[in-house]
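Down below is the structure, laid out as structure tokens.
The values are calculated or read from the model by the stated rules, or taken from the named source; none is laboratory data. Because the structure is predicted, anything quoted here is derived from the model rather than measured. Here Cβ is always computed from backbone atoms with ideal geometry, including for glycine, and neighbour counts include all displayed protein chains.
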Amino acid sequence: MHRTLILIWKEFIEFRQNVRLLPIIFVAPIIQLFFLGYAATTDVKNVPVVVADPDRSPASRELISRFEGSPYFTVVGAVTTVGEVEPFLERGVASMALVIPPDYGTSIGAGTPATVQVIADGSDANSTTVALGYTANLVAGYAQDLVTARSPIARAGGIEPRLRVWFNPQLESKQFMIPGVLALLLMLVTAILSSMAIVREKEVGTLEQLNVTPIRRWELIAGKLLPYAVVGLVDALFVIAVAILWFQIPLRGSFLLLLGVTLVYLVGTLGLGLFVSTISATQQQAMMTATFFFLVPMVYLSGFVFPIENMPAVIQPVTYLIPLRYYLVIVRGIFLKGVGLETFWQDAVALVIWDAAVLLLAIARLRKTTS
């Protein structure tokens, strides 16, 4: 333990001497959380809409007012013919066009079915799909209001749905994304830093000196990884504080359980970085290897960006090898659902197995001859 503590102290001294590294370790994750917390969102609001209204009737103006009063749409222009909406969509000024037929007011007044056309820009398929869903709901609600206003019987009949959303009643995407950003930032910081641990010793020529000392292999690994584990926990505390205090993300579960599972997760990311350092010759190569061969694929395959259920069947089994997948389930469960270990114990066990596997692989690669 004495040799291990000396090695740990050596790592902290190198931290202190490298002044440029400290802002990257402690300030960069907070800045990234602010950027990603606001930018990484799947909410679709203020969709720009251009309206083609050749009818110009009170009924058409009432329909348009529904779009203007909705937080999901912003009317950016009004024209009289369908041909005039094309430049709006081509230039990207509008993402959707609402086309009202010339006889719309007459049809509504006579109580006969009326049809409106919606033209959407399909360049962004996901946002367009959501916007079309909002449009369908708005028009259906408006149509129901017209039927109810004409027939008091319709008000009493039919089925009245009463919807209730658990865990995220406002359906805000930040409630889902920011806990995932926490997992992503911890993986990036700890894996990249630890990936340069052994490589730095190679570059400055001190690895050979360590090889002739009485330090055992496990002591070298513990001395190299524990400082980065402390750094990771400090970063985690900072990010959790910002998520709770600034973004108002509710922490409904146990804070101590969250820290415990985070420590288990950090062991795996640090082990991954250590393994990368054993197969790299320079710090630049270690950073590039960790980023492009491990971290970027993990982000794409973990479910952070794309739902795993939507991936091809041949790809889905690969996601079981991604530790970020399990930690995302755990951290979102603790934050939003307030669940305990009895709910996500399988994911926790998978994290432990992954930690053991990557550490054994790193130790096997780290050929340290003990005296």
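Observations on the model:
- Taking helices (runs of 4 or more DSSP H) as the structural unit, those lying wholly within segment 39-118 and holding at least 2 residues that are over 20 Å from Y142 (Cβ atoms), of a type outside the set (K, R) and out of contact with any Leu (no Cβ under 7 Å at 6 or more places or on another chain) correspond to 86-90.
- In the set (1) surrounded by 15 or more Cβ atoms within 10 Å (Cβ to Cβ); (2) closer than 30 Å to Q170 by Cβ; (3) within 35 Å of the chain's Cα centre (by Cα), the condition left unmet by L63 is number (3).
- The one condition in (1) in contact with a helix residue (DSSP H, G or I) (Cβ under 6 Å, 6 or more places away or on another chain); (2) touching a residue at least 24 places away in the same chain (Cβ under 8 Å) that P101 fails to fulfil: (1)
- Scanning segment 214-232 turns up one or more residues that are in a helix (DSSP H, G or I), touching a residue at least 40 places away in the same chain (Cβ under 8 Å), among the β-branched types (V, I, T) and under 30 Å from K337 (Cα atoms).
To keep it simple, each residue is scored yes or no on (1) modelled with pLDDT under 90; (2) over 21 Å from L324 (Cα atoms).
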{"site": "I221", "(1), (2)": "yes, yes"}
{"site": "L226", "(1), (2)": "yes, no"}
{"site": "A236", "(1), (2)": "no, no"}
{"site": "S254", "(1), (2)": "no, no"}
{"site": "L263", "(1), (2)": "no, no"}
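- Candidates F306, F292, F238, filtered to the one that is touching a residue at least 12 places away in the same chain (Cβ under 8 Å) and either aromatic (F, W, Y) or outside the structural domain of P29 (by TED's automatic domain parsing) (or both): F238
- Total residues in segment 331-354 satisfying the condition of being closer than 17 Å to M298 by Cα and touching a Ser or Thr at 6+ places or on another chain (Cβ under 9 Å): the figure is 1.
- From the list L295, L361, L336, the lone residue that is hydrophobic (A, V, I, L, M, F, W, C), buried (at least 16 other Cβ atoms within 10 Å of the Cβ) and closer than 27 Å to L274 by Cα is L295.
- Considering residues of segment 261-292 that are among the hydroxyl-bearing types (S, T, Y) and closer than 19 Å to I353 by Cα only, the residue surrounded by the most Cβ atoms within 10 Å (Cβ to Cβ): T269
- Given (1) more than 20 Å from I198 (Cβ to Cβ); (2) in a helix (DSSP H, G or I), index of the condition V358 fails: (1)
- Among the residues of segment 270-304, those that are farther than 20 Å from L351 by Cβ, out of contact with any Ser or Thr (no Cβ under 9 Å at 6 or more places or on another chain) and of a type in the set (A, V, I, L, M, F, W, C) comprise A281, F292, F293, V296.
- Qualifying positions in segment 149-204 - modelled with pLDDT under 75 and of a type in the set (S, T, Y): S151
- Verdict on L258 being assigned by TED's automatic domain parsing to the domain that holds F26, in contact with a Leu (Cβ under 8 Å, 6 or more places away or on another chain) and either touching a residue at least 60 places away in the same chain (Cβ under 8 Å) or buried (at least 21 other Cβ atoms within 10 Å of the Cβ) (or both): yes
- Pairs where the first residue, in segment 67-85, is in contact (Cβ under 8 Å) with a residue 40 or more places away in the chain and the second is surrounded by fewer than 16 Cβ atoms within 10 Å (Cβ to Cβ), C-beta under 8 Å, 6+ apart: Y72/K45; Y72/N46; F73/N46
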